[in-house]
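Worksheet: one structure, shown below.
Each reported figure results from applying straightforward, stated rules to the coordinates on display, with no laboratory input. It should be emphasised that the depicted structure is a prediction, and the values quoted were computed from it without experimental measurement. Glycine gets a Cβ as well: all are built from the backbone with ideal geometry, and neighbour counts include every protein chain shown.
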Amino acid sequence: MKLLFNIGRYFILLKRVFGKPEKFSVYYKQILYEIDSLGIGSLGLIAIISVFMGGVITIQSAYNFTSPFIPLYAVGLGTRESIVLEFSPTIVSLILAGKVGSNIASEIGTMRISEQIDALEIMGINSAGYLILPKIVAAMFINPFLIVISMFLGILGGYLMGVASGACSSYEYIFGIQSFFVPFNIYYSITKTIVFAFIITSVAAYQGYYTSGGALEVGKASTRSVVYNSILILIANLVITQLMLVG
C-alpha cells in the first residue's frame, strides 16, 4: 500500500508541477540558472569519465577480439556501438542520478524542513511548479547535449588510448568507427536520455519535496533519490530498448 501511496502522490505532485505558471519570465530565469547548475556543472565529471571509459572499452575489445576471423577494425566498431547505444545514455545518466539527483533532493528537502516551501505557499506561489518545473525542463534540454559530448569524448578517448597502448592502429580504429553506422542509434540514445532526465529530476524533487523531520531526513531523502532513480532508469532503459530496437 505504501508503494501505491507514493506513486499516487508522485503523480499528484506532477500535476501541480505542470500547472499554469504565474509568470513565465521568472521561470525562464530559473531554467537558465538550472541549465548552468545541473548541466554545465556536470560537464567536467562527464568528460573525465567518458574519456577513460572509452579507452577501457577499446583496450578490452582489442583483448577479446583474438579470433583471426574478426577484422581489427571491429575494435573501433565495437567501441562506437558500446558508447553510443549504452554507455553514454545509460551509464552517464546513472552517474548524473547520483550527482544531480542527490543535489536536487537535498536542496528541496532543506527548503522543506526550513519552512521555505511553506512560506512560498503562504504567498500564494505554486511552490511545486516554481521549484521543480525549471529543473525538469533544464535537465531535459541540456542532458542530450551532455550525452552527445560524452559520445564524442568516449570515442576520442578510445582512439587515444587504443593507439597509445598498441591495441589497434589509427587507421583501423577510424575505419571501424565509420563502418556500418546507423543514424537511428543516435535518435534512440537521445530519446533515452530525455526520458532519463525527466526521471532523475522528478523523482529526486519528489523525495525532497515531501521530506519531513530534520537534517538526517534530508540525507535519507537524498539516498532514496539515488536508489530509486537508478532502479527506474534501468527499468526505463529495458522498456525503451524493447519498444525502439526490438518491437
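Tabulated data
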quantity: Peptide ranges 209-217, 118-126, 154-162 listed from the most packed, as the mean C-beta count within 10 angstrom indicates; calculated: 154-162, 209-217, 118-126
quantity: Among PRO134, PRO183, PRO68, residue whose mean-square fluctuation peaks in a GNM of the chain (springs only between Cα atoms under 10 Å); calculated: PRO68
quantity: Ordering of 221-227, 45-51 by packing [mean C-beta count within 10 Å, highest first]; calculated: 221-227, 45-51
quantity: Label-point gap, in nm, between ILE70 and MET1 - each point 7 angstrom along Cα→Cβ; calculated: 5.5
quantity: THR223/PHE141 FRET efficiency (R0 25 Å; Cβ-Cβ; nearest 0.05); calculated: 0.40
quantity: Peptides 106-115, 30-39 ordered by average Cβ neighbours within 10 Å, highest first; calculated: 106-115, 30-39
quantity: Cut-off 14 Å between beta-carbons: net charge of the residues surrounding GLY176, Lys and Arg +1, Asp and Glu -1; calculated: -1
quantity: Additional length obtainable on full extension of the chain from ILE48 to SER25, 0.36 nm per residue less Cα span; calculated: 4.7 nm
quantity: Relative contact order, percent, segment 22-246 [alpha-carbon distance under 8 Å, six or more residues apart]; calculated: 37
quantity: Residues listed by number, segment 67-93, amide nitrogen under 19 Å from GLN178 label point at 7 Å toward C-beta; calculated: 71-81
quantity: Candidates ILE95, ILE233, ILE174: whichever shows maximal mean-square fluctuation once the chain is modelled as a Gaussian network with Cα springs under 10 Å; calculated: ILE174
quantity: In degrees, nearest ten, helix 24-34 long axis to first principal axis of the chain (Cα); calculated: 50
quantity: Helix-only CD estimate at 222 nm, as mean residue ellipticity for the chain, using -39500 (n - 2.57) per DSSP H run (n ≥ 4); calculated: -24500 deg cm²/dmol
quantity: Residue-span extension gain [ALA119 to TYR10] - 0.36 nm each, minus C-alpha spacing; calculated: 37.1 nm
quantity: Cβ-based net charge around PRO134, under 11 Å, with every Lys or Arg adding one and every Asp or Glu removing one; calculated: +1
quantity: Residue pairs, from the table LYS29/LYS99; LYS29/LYS220; LYS99/LYS192; LYS15/LYS192; LYS23/LYS192; LYS23/LYS135, whose Cα atoms sit over 28 Å apart; calculated: LYS29/LYS220; LYS23/LYS192
